[in-house]
Structures are given as structure tokens and as C-alpha cells.
Ligand code: HAM
């Protein structure tokens, strides 16, 4: 009998491998433009890593992991996702002691024992980014704008960004009680897994795929209503910044995500062109995970794109893609006006394929310039309210030390010309 590829896996060859390589090249150039470096972690990890990080009550851990005992009697698991391994590596290599924020990307196979269908496989591939060290909503904007820009470079259309906030630890506690009250008398009608989740982690009930459970939680209260002042402000800042960059989104309080580590922001990019499993990208903030794994308290934000789903969307839209090279600009700021301007300028530059960065750690001007130095930016400028009023900013050539006054409205062109 002929041996075939295992159920839920597939070979990639011919035109598909060409398209995959083009996409991977585009991803690598994009990550370069956004100042994100690559990391590769092992395909298998200690099972405990996923149990503790992804969460004991998630479908992924309860039903979908490829777990085996090796010849040394260790329980190991093929990675069902990329975040846990990168978080482990961040601690193991003490990356928290290096330049912050620490921005890492990966392209990796991942494994989940799920029922295969179009867009859902048992071995699939994820492109993910994890940014460690920033508690600011600018960090969400950093990763969301990267995804948005990837879709633009790939010429992909009709992909909607959905955002929600689950709140921090206290908001979550409050929400869990509200949700338990809401489920109330319907507890006995939940599936056995959700009856257990009701006690241990009620939020997980919202993510259940069983029809009776879906029906019960259909009109469940929104997590947004349980947000405290700080979480609410964080969410508002995110919305303001997305507007500032011209990235459209919808607030969707049905998004809770299938993994336990999220705090505050969660988001998904959803396509209507690839059938029922339309979520191409999922991500969010996870401020507790590093500490939970025994590292120092470190805020973090990340996402993962399912590469097969991305390719399906490209195929259905019949799009081609292009890759680009870069140079480096650091756009610092003082004050609120300067912040918004530098954020939008950086996004404009990146759209033009010019590698550009701003500060997302609320640093002083001095530290911003130190950071520009460390990242070896070719040009830097600090934009403030005075400059905005005058319409000019002083741009420094970091290699020669030369300063020139450039009209703010002409900045993007100025750097385009420097590139050519
Ligand atoms: P996730 O939502 O579980 O998040 O997966 C991210 C993406 O991987 C999904 O949106 C989908 O495109 C793809 N994907 C998931 N399962 C399958 C499958 N069985 N077959 C094909 N594609 C699939 C995570 O994995 C998180 N680690 C994302 C993250 C990173 N959050 C913070 N940082």
C-alpha cells in the first residue's frame, strides 16, 4: 500500500512553494523595516510550558496537543503555537537585560490535533511577532500596523480588524462573576468541559465550539463593561492611535481568543474570502506570561498569522506581491502633538519601504536619542510642538553629525530622495 502524508498535513511544492517564498521574503523585509529580529525556537518543548502558558482549560491544551514521552521518560509536546517558546527563550537568554523593547519574529510550523478542513490543518505554519517591554498602547499599534502593512504589500483586500479588551486581573475577576451570574441556571445545560470551565476559568466558556454552549452565551455581557479606568484609557488610546494611522477597525466584544495568557487588548484580522475559518491573524497583549514563567514582570504584545490561510486569501483574490529594501530613520518626539506626528510619519515612511522607528516606551528625549544611536539609525529627528508650529524640523545625519532644517510636510520625500 502507498503511504500518504498523515491526515491534516500537506506537502508544499511547485507554484505554492514559490508563493510561500515570496510571502516569506516580504515578511522578512517588512520585519526589517519595523526593526523586528528573527528568532527560531525548537519544534518541541516541555509539555508543562504549554499547560502553564496557553492554559489548562483551553481547547488547545485539553484536546489538541501532540504530546509524547521520549526515551528519557520526559513529556514533550510539538508546539501548538509560537508564543510560549519565544517567551521561554526571552527569559532563558535574559533578553530582558538587553535593549528594550525587544521585538522578535518567527516563521514556524505548529501542530494541533483538530478536525481538518479547508484552512484548518494538523500541521500548519505561523508567522508571529512578539514585542516585550512596553506597557503602552503604542505597542499594540506597532504590531497591528505591521500586520496591516503586510496585507497592503501583499495587495490583500477585504480584511477586517476586530479589537476588544479583556481588561487586567481585577477587571477579569469582576467579569468572571458577572458571567457566572449570567450563565446561572443554564449551568447544567453546558457541555461537561464548560461545566468544569465555569468553576476554573469562566471566560473560556465564551470560546466553546459546542452548539448548546454557543446558544447559552450568545448574548453574554461584554468584557468592555467591566473595564476599570486604566484599562478603559488604554483601549481609548489604542483607538485614537489606530485612527491616527488611518487603520480601520471595529470594536467586537465577542472576541475573547482561545488562549489563556491575554490581558487587556485582543484582536483578530478576519477575511470573508476563505470560508468559515476566516481568522487569518490573532493576537493581543499578555502582561503576565513572562512573570508566570518565572521571569521579571514584563509587558508584552504579539500576534500570529496562519500562513496557509494567508495564501488561501491571496489565491482567492488572485494577487501578486512585491518585496522591498530599506534605510533607517529614528523619529523621536516631545509632547502629545509631537507623539502623534512622529507616529504617523513613521507609518508613512514604512509604507514607502523605509525602515523607521519611533519611541513606544515613553522615554525622555535623551534616552530616545540613545536608542537611535544603538539601533544605528542613519537619520534622526525629534519633533515637538515648536517644530509643528514653525513647520520645520532639524534632521540629523547620524553618520556625519550634519544637521539640516527640513519642512515637515516634505519629510517623507526628503528621506525617499536620500534612499535613491
Ligand atoms: P491563534 O489564534 O491560536 O493564536 O492562532 C493564530 C493563527 O494561526 C490563527 O488566526 C490561524 O490563522 C492560524 N491557525 C490556528 N490553528 C490553525 C490550524 N489548525 N490550521 C491552520 N491555521 C491555524 C496564537 O497561536 C497565538 N500564539 C497568537 C499570539 C502571538 N498572541 C500573542 N502573540
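Take the conditions (1) touching a residue at least 40 places away in the same chain (Cβ under 8 Å); (2) farther than 16 Å from residue 33 by Cβ; (3) assigned to a helix (DSSP H, G or I); residue 373 misses just one of them, which is (1). Residues in region 288-306 that are more than 13 Å from residue 86 (Cα to Cα) and near the ligand (Cβ under 8 Å from one of its atoms): 305, 306. Please determine, by comparing only the residues of region 63-76 that are more than 23 Å from residue 197 (Cα to Cα) and in contact with a helix residue (DSSP H, G or I) (Cβ under 8 Å, 6 or more places away or on another chain), which one is farthest from the ligand (Cβ to nearest atom). Residue satisfying both the conditions and the ranking: 75.
Kindly provide the set of residues from region 101-121 that are more than 9 Å from the ligand (Cβ to nearest atom), assigned to a loop (DSSP other than H, G, I, E, B) and in contact with a strand residue (DSSP E or B) (Cβ under 6 Å, 6 or more places away or on another chain), ordered by number. Scanning region 101-121 gives a single hit, 101. In summary, residue 325 fulfils each of the numbered conditions (1) surrounded by fewer than 16 Cβ atoms within 10 Å (Cβ to Cβ); (2) over 22 Å from the mean Cα position of the chain (by Cα); (3) at pLDDT 95 or above with the single exception of condition (3). Condition check for residue 149 on (1) surrounded by fewer than 22 Cβ atoms within 10 Å (Cβ to Cβ); (2) modelled with pLDDT of 95 or more; (3) over 16 Å from residue 303 (Cα atoms): one failure, at (3).
Tell me whether region 199-211 contains one or more residues that are under 22 Å from residue 254 (Cβ atoms), buried (at least 19 other Cβ atoms within 10 Å of the Cβ), touching a residue at least 12 places away in the same chain (Cβ under 8 Å) and more than 16 Å from the ligand (Cβ to nearest atom). Yes. Restricting attention to region 130-176, the residues that are closer than 17 Å to residue 242 by Cβ and outside any loop (DSSP other than H, G, I, E, B) add up to 24. Restricting attention to region 257-277, the residues that are surrounded by fewer than 18 Cβ atoms within 10 Å (Cβ to Cβ) and more than 8 Å from the ligand (Cβ to nearest atom) total 4.
Listed here are the residues, each with its yes/no results for (1) in contact (Cβ under 8 Å) with a residue 40 or more places away in the chain; (2) in a strand (DSSP E or B); (3) more than 10 Å from the ligand (Cβ to nearest atom); (4) on the phi < 0 side of the Ramachandran plot.
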residue: 21; (1), (2), (3), (4): no, no, yes, yes
residue: 56; (1), (2), (3), (4): yes, no, yes, yes
residue: 61; (1), (2), (3), (4): no, no, yes, yes
residue: 80; (1), (2), (3), (4): no, no, no, yes
residue: 88; (1), (2), (3), (4): yes, no, yes, yes
residue: 99; (1), (2), (3), (4): yes, no, yes, yes
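Evaluation of residue 346 against the conditions (1) within 16 Å of the ligand (Cβ to nearest atom); (2) part of a helix (DSSP H, G or I); (3) at pLDDT 95 or above shows that the sole unmet condition is (1). Within region 232-255, the set of residues being under 20 Å from residue 336 (Cα atoms) and crowded, with 18+ Cβ neighbours inside 10 Å comprises 234, 235, 238, 241, 242, 245. Among the candidates 141, 131, which residue alone is closer than 22 Å to residue 303 by Cβ, within 11 Å of the ligand (Cβ to nearest atom), within 15 Å of the chain's Cα centre (by Cα) and surrounded by 22 or more Cβ atoms within 10 Å (Cβ to Cβ)? So the residue among 141, 131 that is closer than 22 Å to residue 303 by Cβ, within 11 Å of the ligand (Cβ to nearest atom), within 15 Å of the chain's Cα centre (by Cα) and surrounded by 22 or more Cβ atoms within 10 Å (Cβ to Cβ) is 131.
The values are calculated or read from the model by the stated rules, or taken from the named source; none is laboratory data. For clarity, every value in this text was computed on a predicted model and none was experimentally measured. For neighbour counting, all protein chains shown are included, and Cβ atoms are generated from backbone atoms with ideal geometry for every residue, glycine included.
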